[in-house]
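What follows draws every value from the coordinates through simple rules; no lab data is involved. Just so it is clear, the model here is predicted, and its values are computed rather than measured. Heads up, the Cβs are rebuilt from the backbone with ideal geometry, glycines too, and the neighbour counts pull from every protein chain shown.
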Amino acid sequence: MINMFDKIDLYKKALDWAWKRNEIISNNIANADTPGYKAKDLNFEAFLQKSLNQEENLELVTTDERHIKESSSSQDNSIEVLDSSLQMRLDQNTVDIEQEMGKLLQNSLYFDGVSLQLSREINKWKTVIKEGR
Amino acid sequence: MGMFDAINISSSALAAQRVRMDVIAQNIANANTTRTENGQPYRRKVVVFEERKQSFSDILNQKIGQAQSSSYGGVRVKAILEDPSPFKKVYDPTHPDADQNGYVNYPNVDIVTEMVNMIEASRSYEANVTALNITKSMITRTFEIGK
């Protein structure tokens, strides 16, 4: 049987990714004049893969309540990628402001698109629940 | 992944750029100040930025699995330093601050450099305002999901 929330979950993950990416790009723009700062980005495949894996119960097993739980942040580091394609300035900063602004706009449009799709998906289920009335 | 993290990041950058503008304005205002409190001419001041890292408690919470994922802190002003480059020597024996040979030490402020830096700071400010507006529109969009 089709799980009615499968698609909604997928959209939710795409929105999560765009949300996080917006934060990272904002941080790049904020640090455009910081000496030594390296521009970062978010890897979509790795992020989605990690989000999907979370449901497969691959978490570290703890035998006691007080054991330190597996931290999700340690995996996050592999998802954030340093953008190495950019040229480094004299102050060792790699932020290209034009590129970051472009990425920011792209990301926001992507977010709008996915949220629209999600709304349509929800409305479809609303129609089903209301028996088409 | 806090809701207002991105807004905090952009606003920290706005604050930092504003400090930079203030310091540049101070430099321009004092471009001809030959006498300050310590008797020396005015020295040009430079703002140094630093990536604002998370606080200790943020990192600890992450490690023990309380927080979902890493977040960013934006930027902050690390220090306001003095430019150590030499003063400009101008021959003007009529000036009250002239030495025995008739030379006056003027501040090491170059107006053109300051103006260029000021335009750069104002452009960075605008870029961060744009980022802020985009975050705002994304938040508004999430409220409309399911409508």
Check your understanding: Picking from B:98, B:127, B:13, which is most flexible by a Gaussian network model of chain B using Cα springs under 10 Å?
Key -> B:98
Revision key, fill the gap. Across A:15-28, the residue-averaged tally of Cβ atoms belonging to other chains within 10 Å stands at 6
Check your understanding: Around residue A:126, with a cut-off of 13 angstrom between Cβ atoms, what is the net charge of the other residues, counting Lys and Arg +1 and Asp and Glu -1?
Key -> +3
**Study point:** Net charge, residue B:85 excluded, C-beta distance under 13 Å - Lys, Arg +1, Asp, Glu -1
**Key:** +2
Exercise for review: Using a 10 Å cut-off on Cβ to Cβ distances, tally the other chain neighbours for every residue of B:3-11 and report the average as a whole number.
Suggested key: 4
Review point. How much net charge surrounds residue B:145 when only the other residues with a Cβ under 15 Å from the Cβ of residue B:145 are counted, with Lys and Arg +1 and Asp and Glu -1?
Key: +3
Practice item. Would you mind checking the pairs B:78/B:136; A:103/A:124; A:38/B:53; A:38/B:136; A:20/B:136 and listing those with alpha carbons more than 22 angstrom apart? Key: B:78/B:136; A:103/A:124; A:38/B:136
Review point. Roughly how many Å is it from the Cα centre of the range A:11-46 to that of the range B:26-50, as a whole number?
Key: 37 Å
**Study point:** Among B:36-45, B:78-87, the order from most to least packed when residues are scored by Cβ within 10 Å on average
**Key:** B:36-45, B:78-87
**Study point:** 10 Å Cβ neighbours from other chains, averaged over peptide A:33-39
**Key:** 5
Point to revise | MRE, 222 nm, helices only [DSSP H, n ≥ 4, -39500 (n - 2.57), over chain B, to nearest 500] | key: -15500 deg cm²/dmol
